[in-house]
Amino acid sequence: MKDDTLCSGLDDAWTLVERRLAALPPPLNALGRHFLDSVSAGGNGYRTYFSGALASPIALLPLWLRERFLQESPHSAPSHEVTVRLAAAAMWGYFYIRIQDNALDDANSHRAHLLLGNVCGMEMVRLFGEAAGDSGLFHEQSAQAWLDFTRCTLAEHEQLLSDEPYTEELFLQHCDKVAFARVPALAMCLLAGRPELQGAVKELILQLGVAYGLVNDALGWPRDLENHHRTYLLARAGYLHTEPGEDTRERLRPHLYEGGLLVQTLEQAALWQRRAAETAATLGLSHFSAYTQERLALLEKLVSEVNLISLQRSLSRTAREQSA
């Protein structure tokens, strides 16, 4: 993301978050710093968290939408200050969800972050309230998004712990756990007087949820296996909770690599990312194209790396067979 206006908006949103965390009484302020350190991206600092190729664009969506509304009707576009509040609210909400997700998925998660989650939820509600006011439609749609997120997250969690069939239909349903990302984008549309865009926003968020879900399955399969989470990917690879655990990883590798499941999953993610780009074009999100190109370049790189590993595994197996 190179646009100076967008960078300024994201930086201003981070500043709101930082000021609030710094103002917390001890020991909450130290816990807040610890959490920010935990989301630092590859040593580049936490401020890159929402702008990297692997990051959710949830905090960028209000900024992208404002650019569209400014071009369309400058007088009806929400102000920079309001947009920054919405971006910061999106950050707080995402942090709240990230903390819950870590507690559900990772036995080694920092459980004290759950208490920081109380602050995250409080700040999210406060900032949304300041920006959206008493809009009945916003609060109705926001409540529905939170219910969708909670319901789908729980359904996915129960599925991950079971050996019941994991169909594509179920996986797509679970991907609506990203429903919260609709909220800041919907707020921007309502503030700009464009409530009819909410259908396209909902479609865009779901498409991104599927794309990100597929990538997370592909990149996180060793961690998921360690946590005994039978993801959609691992279910297709033949993993069952009832099987002995010691040799499971090695038994699954041929299905994932030589069998092509990892490449297929990444290619499906690219397909859903392209669908999201088409939907974003109908919303007039001009910056979404550059974001998609960066995302697709990353997926192409990952496919090349997986193909190389698969080739090396095949050559190694052939050499062993010939020497036997």
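The values are calculated or read from the model by the stated rules, or taken from the named source; none is laboratory data. All values reported here derive from a predicted model rather than from experimental measurement. Using ideal geometry, Cβ is built from the backbone for each residue, glycine included, and neighbour counts are taken over all protein chains shown. Accessible surface is based on the protein model in full, side chains and every heavy atom, while ligands, DNA and RNA are left aside. Shrake-Rupley method; radii C 1.70, N 1.55, O 1.52, S 1.80 Å.
Output yes when any residue across segment 180-191 is open to solvent by 50 Å² or more (accessible area, probe 1.4 Å), under 19 Å from PHE138 (Cβ atoms) and not acidic (Asp, Glu), and no when none is. Yes, some residue in segment 180-191 is open to solvent by 50 Å² or more (accessible area, probe 1.4 Å), under 19 Å from PHE138 (Cβ atoms) and not acidic (Asp, Glu).
If the Cβ limit is 6 Å and pairs must be 6+ apart or interchain, which residue in segment 150-170 that is closer than 17 Å to LEU240 by Cβ pairs with which residue that is hydrophobic (A, V, I, L, M, F, W, C)? Filtered contacts from segment 150-170: ASP163/LEU240; TYR166/ALA235. Every test in (1) part of a helix (DSSP H, G or I); (2) among the hydroxyl-bearing types (Ser, Thr, Tyr); (3) modelled with pLDDT under 90; (4) closer than 24 Å to GLY117 by Cα is passed by THR15 save one, and that test is (3). Among ILE58, ILE97, which is β-branched (Val, Ile, Thr), under 23 Å from ARG295 (Cα atoms) and open to solvent by less than 20 Å² (accessible area, probe 1.4 Å)? Matching residue, one of ILE58, ILE97: ILE58. Among the candidates LEU104, LEU154, LEU161, LEU172, the residue that is more than 20 Å from the chain's Cα centre (by Cα) and either under 19 Å from GLY220 (Cβ atoms) or modelled with pLDDT of 95 or more (or both) is uniquely LEU161. Take the conditions (1) in a helix (DSSP H, G or I); (2) open to solvent by 20 Å² or more (accessible area, probe 1.4 Å); (3) in contact (Cβ under 8 Å) with a residue 12 or more places away in the chain; GLU278 misses just one of them, which is (3).
Residues that are of a type in the set (A, V, I, L, M, F, W, C) and within 26 Å of GLU67 (Cα to Cα): find the helices (runs of 4 or more DSSP H) completely inside segment 135-228 holding 1 or more of those. Steps first, please.
Details: elements: 136-160, 168-174, 182-191, 198-219, 221-226.
Hits in segment 135-228: 136-160, 182-191, 198-219.
I'd like to know if segment 28-36 contains one or more residues that are assigned to a helix (DSSP H, G or I) and loosely packed, with under 13 Cβ neighbours inside 10 Å. Looking for residues that are assigned to a helix (DSSP H, G or I) and loosely packed, with under 13 Cβ neighbours inside 10 Å, one finds at least one in segment 28-36, hence yes.
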